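Structure first, then comments.
Computed from the coordinates by the stated procedures, all read-outs in this text should not be read as laboratory data. In this text the structure is predicted, and so the values were computed from the model without any measurement. Here Cβ is always computed from backbone atoms with ideal geometry, including for glycine, and neighbour counts include all displayed protein chains.
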Protein chains: 2
Amino acid sequence: MNLPIYRHLFNQLKDKILRGELKPGDMLQSENELAQQYSTSRLTVRKSLSMLDNEGFITSFPGKGYYIIEPDHSKYTLLFNELNSGSKNNLYSKLLGVNATNPDAAICQKLQISCDHKVVVILRLLYSNEGPIAYDVKYIPYDRGRPIVEKAIEYAALPDMVAKKSSPFAIKKELCIYIEKSNQEINKSLCLPESEPLLVVEQSLYDYENKPIGLGKTYYGGEHGKIRAYSNMRE
Amino acid sequence: MNLPIYRHLFNQLKDKILRGELKPGDMLQSENELAQQYSTSRLTVRKSLSMLDNEGFITSFPGKGYYIIEPDHSKYTLLFNELNSGSKNNLYSKLLGVNATNPDAAICQKLQISCDHKVVVILRLLYSNEGPIAYDVKYIPYDRGRPIVEKAIEYAALPDMVAKKSSPFAIKKELCIYIEKSNQEINKSLCLPESEPLLVVEQSLYDYENKPIGLGKTYYGGEHGKIRAYSNMRE
DNA sequence: AAGTGGTCTAGACCACTTT
DNA sequence: AAGTGGTCTAGACCACTTC
């Protein structure tokens, strides 16, 4: 094993917290006390404590000390990629159509453009070996000399479609998950009964100045419409 | 302003990454070079770099150097608390009923208990000033001398209901979001048309040994069924 | 052999809180 | 005044990669 000292101290403290020996509100020993106890330097202790801080277990107040935090039970991590739908490993994409049109008012509003602004609309069907999984629509404002690479249209996820001169880190993303009434064309493409409601994952992308640069709507039907999120302090 | 040195260096590097001056795959200067350039010590430089690492911008390889990461575009943060439904600040809770029963097979399976195991079922209606928002059901296995505080039943979120002797950090949580066919009783409670489908947020809680300790299902109808998630490297 | 990051020491000064 | 965390210095040795 031979863990570094800071790792060892980190594990011990984390363990005490997970076992409930240290509870929210409790104060930790001071840096100097811990350094003495573990026969190490203050810096090494600080390394352990800063890791516990980063992982959301403790916080510190100058002149006072370190305290166990009240955990935030409402925070989850959600992994979403329309081309990599969780459980299904082998997800394929089939291009149904591409065109530049004036979309309806709701889409224009979300993209913060006027109604006469041209928008590239990309329609795709996502399917596995067992059949269709989802119907996918992208709306990308057609302007600013932002080229959309041909290859990307069929096989790329939205963030990669709108990849720009600037940094991929500068993109801000939002998801909104909701039910949409059945849509004749989509339900047909997904081999679903006409009246079946669809689970929509709507993905909005914004650039560095918070301008919308892309909107994606992925429609899931039946058993495929399960979006998962998780939260775990233990790992 | 008078920022500490490590903060200053962190901001400068983060800025270069966000502006695209440093792209994924690029290598950073070495710790020693940066320390010289900024007339500071290696430790101070390392502090800046470890912060960039923590925030997912860079990674390092011993003997090689620091590299800009390819950002993970599929990761989102989702905030969910059945009693604090995002936009609506004032959310009230009305207890509809509590009983100990044997729930159906699907619930038993999710709770990993046999079908004759008693389960506490808590039914609540969540509403704002403008009317009902959601219908909420909790299933809590009735055993192990886990007391459920009376006050908690009406006004607590699931993680607080199953608060235990052990630590609140030890709980593992999962969410699953999906559509469920309309339910006569629920739709009526939510003042919805009989046939309206419902958006379900299913919350599973596990203890330190990965044993299920609680299951919550929150049913949203119509306009209230919008679950949001976000991702932002810029903040 | 030289350079890189990973770990660690033994100090120092500061602003802050507590007594 | 004494103790706390926040910042910082100037070293050191190690394992690793590159040349």
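Can you pull out every residue in segment B:56-68 that is surrounded by fewer than 18 Cβ atoms within 10 Å (Cβ to Cβ) and either within 30 Å of B:MET161 (Cα to Cα) or more than 16 Å from DNA strand D (Cβ to nearest atom) (or both)? Please lay out each step first, then the result.
As a first pass, look at segment B:56-68 and keep what is surrounded by fewer than 18 Cβ atoms within 10 Å (Cβ to Cβ): B:56, B:59-65, B:67.
Once the filter is applied, which keeps residues that are surrounded by fewer than 18 Cβ atoms within 10 Å (Cβ to Cβ) and either within 30 Å of B:MET161 (Cα to Cα) or more than 16 Å from DNA strand D (Cβ to nearest atom) (or both), segment B:56-68 yields only B:GLY56.
Filtering segment A:161-182 down to residues that are in contact with a strand residue (DSSP E or B) (Cβ under 7 Å, 6 or more places away or on another chain) and more than 26 Å from B:GLY25 (Cα to Cα), which residue is surrounded by the fewest Cβ atoms within 10 Å (Cβ to Cβ)? It would help to see each step written out before you state the result.
Filtering segment A:161-182 for residues in contact with a strand residue (DSSP E or B) (Cβ under 7 Å, 6 or more places away or on another chain) gives A:161-162, A:171-180, A:182.
Then drop every residue that is not more than 26 Å from B:GLY25 (Cα to Cα), which leaves A:175-180, A:182.
On the way: A:LEU175: 21, A:CYS176: 16, A:ILE177: 24, A:TYR178: 20, A:ILE179: 20, A:GLU180: 14, A:SER182: 16.
Looking at residues that are in contact with a strand residue (DSSP E or B) (Cβ under 7 Å, 6 or more places away or on another chain) and more than 26 Å from B:GLY25 (Cα to Cα), I get A:GLU180.
Output the residues belonging to segment A:166-215 that are among the hydrophobic types (A, V, I, L, M, F, W, C), within 25 Å of A:ILE153 (Cβ to Cβ) and in a strand (DSSP E or B).
Those that are among the hydrophobic types (A, V, I, L, M, F, W, C), within 25 Å of A:ILE153 (Cβ to Cβ) and in a strand (DSSP E or B): A:LEU175, A:CYS176, A:ILE177, A:LEU198, A:LEU199, A:VAL200, A:VAL201, A:LEU205, A:ILE213, A:LEU215.
Filter segment A:188-227 for residues that are more than 26 Å from B:THR77 (Cβ to Cβ), out of contact with any Ser or Thr (no Cβ under 8 Å at 6 or more places or on another chain) and in contact (Cβ under 8 Å) with a residue 24 or more places away in the chain and give the result.
Selection gives A:SER189, A:LEU190, A:CYS191, A:GLY221, A:GLY222.
Can you confirm whether segment B:95-112 contains a residue that is surrounded by 16 or more Cβ atoms within 10 Å (Cβ to Cβ), more than 16 Å from DNA strand D (Cβ to nearest atom) and without any contact (Cβ under 8 Å) to a residue 24 or more places away in the chain?
yes
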